[in-house]
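Visitor: Just passing along the structure, written as structure tokens.
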Amino acid sequence: MTLVTLARAEDLFGKLRSEDEQAPDRKFEVEPNSALEAIIRSFERTLESRIGSAYRDAAEIHKGFTVRAEDIEKFSLICPSYGQNEIFNLAAFIYLNELIRSCCDPDIVIHTSRLKTPLSNLCRSNEDKNITIYGDVGIHLGDRMKSGLVHVHGSAGDYVGEAMRGGEIIIEGNAGPSIGPGMEDGTIRINRDDLGLASSLGEGMTLGRIFYRGKLVVQHGVRL
């Protein structure tokens, strides 16, 4: 393992932005033979030489371990320690999505505010999970999402909720310029947009609703 096995959570949380939720002051250990250790070891192998098998490697973690919400949250806090490049960005979203999918807990917290570049493609095909993200996210948040909730305490890139089939996405910051393209159902709420209303709302949308600062602006593909 290339990371130190003892991580001070109070130091990690202390680096979060002031608007992020502050966690209790505590230490967490990467316990031997734990789900978190398995996640880290698998992720580091992927970064070193196995990006081509990232989907398979990430999906296999839950076969030997029960993945809990706290494992995913800790992993998201550790991620910035690796630095960021194209391989990291690809591997990180693959692992986070697979961990979310296999998690036995319904409510999950992810921290992204310490990443230099927001991760794209998060929460793809989410089903039944309630995911809270503290920090910004990249493009294609919640693609083909089926149900559940994704609540971003930050901004999102382009194509939020593309081909979304159900559930709800809440963005507390900016989003767009394209929101909800090809939506089949579900709800998207943009609660604050300093850049002005997105230029493309619900293009190709059949069902669903898009709210802008609390106001319903698109319903079932019709801009109101």
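Bear in mind these aren't lab numbers, they're just calculated from the coordinates by the rules spelled out. Source: prediction; values computed, not measured. Every residue, glycine as well, gets a Cβ built from its backbone with ideal geometry; the counts of neighbours run over all protein chains shown.
Visitor: With θ taken as phi - 60° and the coefficients 6.51, -1.76 and 1.60, list the Karplus ³J(HN,Hα) couplings across region 102-113 in order, rounded to whole Hz; mark glycine and proline as x.
Guide: With coefficients 6.51, -1.76 and 1.60, one gets 8, 5, 7, 9, x, 10, 10, 10, 10, 10, 10, 5 Hz.
Visitor: With charges set only on the Cβ (+1 for Lys and Arg, -1 for Asp and Glu), what does the dipole of region 82-129 come to about its Cα centre, in debye to the nearest 20?
Guide: Dipole size: approximately 220 debye.
Visitor: Give me the one-decimal nm value for the distance between modelled label points at Arg213 and Arg56, 7 Å along each residue's Cα-to-Cβ direction.
Guide: The two pseudo-label positions are separated by 5.1 nm.
Visitor: Count charges around Gly221 for me, please; just the other residues with Cβ under 15 Å from its Cβ, Lys/Arg as +1, Asp/Glu as -1.
Guide: Net charge around Gly221: -1.
Visitor: Another question, if that's okay. What ³J(HN,Hα) values, in whole Hz, does the Karplus curve 6.51 cos²θ - 1.76 cosθ + 1.60 give for region 209-224 when θ = phi - 60°, with x put for Gly and Pro?
Guide: Taking θ as phi minus 60°, the curve returns 9, 10, 10, 10, 6, x, 9, 6, 10, 9, 9, 6, x, 9, 7, 9 Hz for region 209-224.
Visitor: Here's another thing I want to ask about it. Students often check this: by mean Cβ neighbours within 10 Å, which of 80-87, 30-37 ranks highest, and how do the rest follow?
Guide: 30-37, 80-87
Visitor: Relative to the present Cα-Cα distance, how much length would full extension add between Asp128 and Glu86 at 0.36 nm per residue of separation?
Guide: Roughly 12.2 nm would be gained on extension.
Visitor: Follow-up. I'd like the per residue volume of the convex hull spanned by the Cα atoms of region 84-185, given in cubic angstrom.
Guide: It is 79 Å³ per residue.
Visitor: From the phi angles alone, apply the Karplus equation (6.51, -1.76, 1.60; θ = phi - 60°) to region 41-58 and give each ³J(HN,Hα) in whole Hz, x where the residue is Gly or Pro.
Guide: So the J values, rounded to whole Hz, are 4, 5, 5, 5, 5, 4, 5, 6, 7, 10, 4, x, 10, 4, 4, 5, 4, 5.
Visitor: Can you give the Kirkwood hydrodynamic radius for region 152-194, in Å, rounded to one decimal and based on Cα pairs?
Guide: Hydrodynamic radius (Kirkwood, Cα only) of region 152-194 equals 10.1 Å.
Visitor: Additional query: If the only charges are +1 at each Lys and Arg Cβ and -1 at each Asp and Glu Cβ, what is the size of the charge dipole of region 118-224 around the Cα centre, to the nearest 20 debye?
Guide: Rounded to the nearest 20 debye, it is 240 debye.
Visitor: Just how large is the dipole of region 28-106 about the Cα centre, in debye to the nearest 20, putting +1 at every Lys and Arg Cβ and -1 at every Asp and Glu Cβ?
Guide: Once rounded to the nearest 20, the dipole reads 260 debye.
Visitor: Give me the one-decimal nm value for the distance between modelled label points at Ser200 and Phe65, 7 Å along each residue's Cα-to-Cβ direction.
Guide: 4.0
Visitor: Right, another one. I'd like the Kirkwood hydrodynamic radius of region 28-106, using the inverse of the mean 1/r over distinct C-alpha pairs, in Å.
Guide: 12.4
Visitor: Quick one: if you stick a label point 7 Å off each Cα along the C-beta vector at Lys146 and Ser49, how many nm between them?
Guide: Between Lys146 and Ser49, the simple spin-label model gives 3.6 nm.
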